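The values are calculated or read from the model by the stated rules, or taken from the named source; none is laboratory data. Quick caveat, the model's predicted, so the values are computed rather than measured. Cβ placement follows ideal geometry from the backbone for every residue including glycine, while neighbour counts extend to all protein chains displayed.
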Amino acid sequence: MKLSPTPLRIIPLILAIFTVSCSSSEPVTSIPDSIAGSVLFKPERPIPYPLDVPQAFEAAVTTGTRTATGEPGPKYWQNFASYNLHALLDPETDQIRGRASIRYQNNSPDDLEMIVFELAQNLHKKGTPKMDVTEITGGITLYSISVNSNEVNEISMADRWLRGASGYISEGTQLYLFPEEPLLSGEEMEFEFEWSFTIPENGASGRMGRSRENLYFVAYWYPHLSVYDDVYGWFTDPFLGNAEFYHGFADYNLTVTAPREWLIMGTGEFMNPEEVLSEVYLERYNSAKSSDDPVLIADFDEGHKVTQPSGQGLVSWIFSAEKVRDVAFSATLASRWESARTPVGDLTGDGKIDYTRIHTFYRESAPLWTSQTAYAQHSITFLSDYTSVPYPWPHMTSVEGAGIIGGGMEFPMITIIGDYNTAGAERLYGVTAHELAHMWIPMLVSSNERRYSWIDEGYTSFHTNEANIDYFGADRYNSNSVFSRYLQIAGTDFEGEMMRWSDFHYPGPAFGIASYPKPASVLYALRGVIGEELFMKAHLEFIQRWLYKHPYPWDIFNTIEDVTGLDLSWFWRAWYYETWTLDQAVADVTINGNRTEILIKDLGNVPMPVHLLISFSDGSEKKAVLDVEPWLNGHRRQKLQIDSGSGVTRVEIDPDYLFPDIDRDNNVWQR
């Protein structure tokens, strides 16, 4: 990554401006409205200074796990796990009884004396730190923990630090396990857990739970290995109910056992439909695999007939997933189950179109969900094409979860979404596209959501808007659809910097704006600066480089600069590290015969190029771009002088809405 431009470098008195429309007018030039070359010039504005790059990240570049060009380094590594999970659902007590066998491969160069797990359900334990009012269920009850088949006991901090005892310490949502012998580099260790917990109504801040005695959506539910990465080592930030995951990739075998009238769907390929589904419903299930139109597998009142009879009244559903970050599952009692297929592109490289299944589960109280399968089909197909990464998994399931959630929440291959009865069908499509877009970031490009939620939510909000444009048309959605939400608090005391760790935003809109619409707006602004073609080249390259890996913000910045060949440090500083705003204005237009002088003022602190549309009395137009360099050298004004045989009648800044300008009223001068 390059440093910011030298603030007071000498710049040419006259900066050439290139014309991007068909016009025969004389070339346009701009002049900073001050003595540009004077060494006595005092900057009139804040100038972006070099980025703050953590020493830990720079150390990773030095050791070769990362690179200064944004690619994973030649020594990049990740630890990996394999989980065998068993969940017994008891609707009578709203409890999950769980068992886990976990194998953990230490691919790092370090010997690990401590292994860290996350117990996210302990958010619901009394005394655990929380960001908001949270239902108290007691959290997870641990019955046993074993390391390499040897049971370990709970110890105190004093036991560990004063006497070096082995065992585990449970602290909030983190569990710190100290085996008798360290896990050596290149070696494996096996862990076993048994536990239970009561399923909250609105668990994990409405991301999982139970509703109306006919729906469970189970997530944040098992001891989950924390990430040990090449930058910071163990990730131990607690789950406070606000910012979401930072998870590593793992293989999962999941078995969910429930009363036979409950229909289960979860992360992974459904491995035993022949054992679970009765003949009629198995036939429907199989036929949906090759159907482009929704196939009704089970109606609202058919759940009790879907599974085969069982002597104990229980049925076990088995799922298997490879290289995913997490697993979740749903259990429905009175939901309609629809299924179809949708194309994802050439996933296997054989030149043929591949498909994935779309599953939809919704209750009779959610009439808008009759279109949900079509919404999911479009979203998965569009995003596979837009990202150039075919959706890689065997299914994508949407579960209607009114009473648990109002919006939506994503997990690999499965999402829970509200009924959207009052918000409307268009909003239901939008939230569907959003949750399914998360299958790419962070489910494939595994960013740290708990610290940098702007990565996954910002990119996903950008992808959502592009999906909306494709589905509803550019006359309904455009860049301003995103800008308008960011601009609600832009430049006010409510706003927080995007690079601020997610859980450290002040209560109120700061977290939401910095995570969703602002980073999406900034991606549109970046596209406006470097152009559509170069933007997409860099965008897709970032995704490809970091598939199934863990990028940090500086990997993104470095990748984009590497692909474009541009020093964009000023852009990163102004938009990501600050709460500066963009406010460009046409301050004055002076016409003297065939000579026109246009004064542009930059009233904000974000330096950006100025895109102008100049209209003439003969009906012709000229598009011109003023370079960002004068702003980077401390100026706030530029004068444009043009020769025009026909008089200037109108001057407009950013007519194509490329940038999120906080005051568009001053963007236009009209004669």
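Can you tell me which residue in segment 299-312 is modelled with the highest pLDDT, limited to those that are part of a helix (DSSP H, G or I) and surrounded by fewer than 19 Cβ atoms within 10 Å (Cβ to Cβ)? Before the answer, list the steps.
Within segment 299-312, the first condition is being part of a helix (DSSP H, G or I), and the residues that meet it are 303-306.
Going one step further and asking which of them are surrounded by fewer than 19 Cβ atoms within 10 Å (Cβ to Cβ), we end up with 304-305.
Working: His304: 90, Lys305: 94.
The selected residue is Lys305.
Only residues that are under 22 Å from Leu333 (Cα atoms) and either in a strand (DSSP E or B) or without any contact (Cβ under 8 Å) to a residue 24 or more places away in the chain (or both): list them for segment 197-226, please.
Kept after step one, since they are under 22 Å from Leu333 (Cα atoms), are these residues of segment 197-226: 197-203, 206-221.
Once the filter is applied, which keeps residues that are under 22 Å from Leu333 (Cα atoms) and either in a strand (DSSP E or B) or without any contact (Cβ under 8 Å) to a residue 24 or more places away in the chain (or both), segment 197-226 yields Phe197, Thr198, Asn202, Gly203, Met208, Gly209, Arg210, Ser211, Leu215, Tyr216, Phe217, Val218.
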Please state which one of Leu282, Leu296 is assigned to a strand (DSSP E or B) and surrounded by fewer than 19 Cβ atoms within 10 Å (Cβ to Cβ).
Leu296
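Which of the following residues is out of contact with any Lys or Arg (no Cβ under 8 Å at 6 or more places or on another chain), outside the structural domain of Pro509 (by TED's automatic domain parsing) and hydroxyl-bearing (Ser, Thr, Tyr): Ser146, Ser196?
Just a single option satisfies the conditions, and that option is Ser146.
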Residue among Asp111, Asp52 that alone is at pLDDT 95 or above and charged (D, E, K, R)
Asp111
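From Ser447, Ser461, grab the single residue that is part of a loop (DSSP other than H, G, I, E, B), touching a residue at least 40 places away in the same chain (Cβ under 8 Å), out of contact with any strand residue (DSSP E or B) (no Cβ under 6 Å at 6 or more places or on another chain) and surrounded by 22 or more Cβ atoms within 10 Å (Cβ to Cβ). Before the answer, list the steps.
Details: Ser461 fails: part of a loop (DSSP other than H, G, I, E, B).
The conditions single out Ser447.
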How many residues, within segment 588-606, are touching a strand residue (DSSP E or B) at 6+ places or on another chain (Cβ under 8 Å) and assigned to a strand (DSSP E or B)?
12
Look through segment 372-403, keep the residues that are assigned to a helix (DSSP H, G or I) and among the polar types (S, T, N, Q), and return whichever of them is surrounded by the most Cβ atoms within 10 Å (Cβ to Cβ).
Ser379
Give the residues of segment 148-193 that are within 14 Å of Tyr104 (Cα to Cα) and touching a Phe, Trp or Tyr at 6+ places or on another chain (Cβ under 6 Å), sorted by residue number.
Leu177, Met189
Given the condition at pLDDT 95 or above and on the phi > 0 side of the Ramachandran plot, answer yes or no: does some residue in segment 480-501 qualify?
no
Take the residues in segment 464-475 that are over 19 Å from the mean Cα position of the chain (by Cα) and not hydrophobic (A, V, I, L, M, F, W, C), then tell me which one is surrounded by the fewest Cβ atoms within 10 Å (Cβ to Cβ).
Asp475
Residue check: is Gly647 modelled with pLDDT under 95, in contact with a Ser or Thr (Cβ under 6 Å, 6 or more places away or on another chain), surrounded by fewer than 19 Cβ atoms within 10 Å (Cβ to Cβ) and among the small types (Gly, Ala, Ser)?
yes
Log entry, pairs with first residue in segment 124-150 being more than 17 Å from Trp221 (Cβ to Cβ), second being small (Gly, Ala, Ser), beta carbons closer than 7 Å, six or more apart or on different chains, reads Pro129/Gly172; Lys130/Gly241; Met131/Gly241; Asp132/Ser205; Asp132/Gly241
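Tally up the residues in segment 620-671 that are charged (D, E, K, R) and in a strand (DSSP E or B), please. Before you say what the answer is, go through the steps one by one.
Step one: list which residues in segment 620-671 are charged (D, E, K, R), which gives 621-623, 627, 629, 636-637, 639, 643, 650, 652, 654, 656, 661, 663-665, 671.
Next cut, in a strand (DSSP E or B) only: 621-623, 637, 639, 643, 650, 652, 661.
Number of matching residues: 9.
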Pick out the one residue from Trp369, Trp317, Trp337 that is within 24 Å of Glu400 (Cβ to Cβ), over 29 Å from the mean Cα position of the chain (by Cα), surrounded by 21 or more Cβ atoms within 10 Å (Cβ to Cβ) and not polar (S, T, N, Q).
Trp317
Quick check on Phe535: is it of a type in the set (Phe, Trp, Tyr) and without any contact (Cβ under 8 Å) to a residue 24 or more places away in the chain?
yes
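Quick one: is Thr342 touching a strand residue (DSSP E or B) at 6+ places or on another chain (Cβ under 6 Å) and surrounded by 23 or more Cβ atoms within 10 Å (Cβ to Cβ)? Steps first, answer last, please.
Details: touching a strand residue (DSSP E or B) at 6+ places or on another chain (Cβ under 6 Å): yes; surrounded by 23 or more Cβ atoms within 10 Å (Cβ to Cβ): no.
Answer is no for this residue.
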Mind telling me which of the residues Thr432, Thr415 ends up being free of Cβ contacts under 8 Å to residues at least 24 places away in the same chain and not assigned by TED's automatic domain parsing to the domain that holds His505?
Thr415
Pair list, Cβ < 9 Å and 6+ apart or interchain, from segment 366-389 residues that are farther than 27 Å from Met536 by Cβ to residues that are in a helix (DSSP H, G or I) and among the small types (Gly, Ala, Ser):
Leu368/Ala425; Ser371/Ala425
